[in-house]
Amino acid sequence: MPFSINDNSILLVDLDNTLVFTDTANNLAYIEAIQCYYPNFQFDFSYRITRGNLFYLLKSYSGYENVMHPIIERKEVFYEKYLSTIELNGYIYNILKEHDPNRCFIITNAGLRRVISIIDYFGLNDFFRYIFSIRRDKYKILFGFNFFYENKDKVFVFENDENEICFLNNILSSEQIFIF
């Protein structure tokens, strides 16, 4: 374990591209969903497709406004077909397997269905006390709970999102934030 984490530490672990590397599965599922409506759609895998940039990918296609939500829903269904392309972050896994699961939490903006399928796939069901699936401002919301705010000196976060890290830098020391 990193030198500052001890048995009393509370671990908050982001899912996508922190605990698991999911860009390939995510993009393949999105591409399959998009091709249900636009069979000739091509993507070069130079970045991660997200709900936020889906508009820009599809704006040149007619009727894209009407299929945005159905594409997102289909992507969630197709995602499970691509679980084998996801890689587990061995560094974080090794920390988690040595830590009390009652002090470990997943905090993610991913949908709960997808989170559970990934956790099941990697056999991590017993590694976490709770999964927080929060779409926006996840740490702002989480530190609104007394338990986390009052114990913030014991909290260690594993995260890759720059915006979330900026917020965390205002409430935690840099030694409490592990960036991936």
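The values are calculated or read from the model by the stated rules, or taken from the named source; none is laboratory data. Keep in mind that this is a model prediction, so the values were computed, not measured. Positions of Cβ are backbone-derived with ideal geometry, glycine not excepted, and every protein chain shown enters the neighbour counts. Accessible surface areas use protein heavy atoms only, side chains included; no ligands, DNA or RNA. Shrake-Rupley method; radii C 1.70, N 1.55, O 1.52, S 1.80 Å.
Okay, here's what the table says:
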| item | result |
| --- | --- |
| Dipole of segment 1-156, positive end: most advanced residue of THR108, VAL13, ASN146 [Cβ charges, Cα centre] | ASN146 |
| Segment 130-180 versus segment 17-92: alpha-carbon centroid distance in Å | 26 Å |
| Count of Lys pairs (Cα-Cα under 20 Å; at least 8 positions apart or interchain) in segment 37-156 | 6 |
| Unit charges at the beta carbon, dipole of the chain: most positive-side option, PHE122, TYR91, PHE178 | PHE122 |
| Relative contact order (%) - criterion: Cα under 8 Å, at least six apart; region: segment 45-135 | 27 percent |
| Cβ charges +1 (Lys, Arg) and -1 (Asp, Glu), total dipole of the chain, debye | 460 debye |
| Segment 104-180 - charge dipole about Cα centre, Lys and Arg +1 at Cβ, Asp and Glu -1, debye rounded to 20 | 320 debye |
| Accessible solvent surface per residue of segment 1-156, calculated while the other protein chains remain in place, 1.4 angstrom probe, Å² | 53 Å² |
| Over the chain, relative contact order from alpha-carbon pairs under 8 Å, at least 6 apart, % | 32 percent |
| Sulfur and carbon atoms: percent of accessible area, segment 1-133 [1.4 Å] | 49 percent |
| CD proxy at 222 nm, helix term only [per DSSP H run n ≥ 4: -39500 (n - 2.57); per residue of the chain; nearest 500] | -11500 deg cm²/dmol |
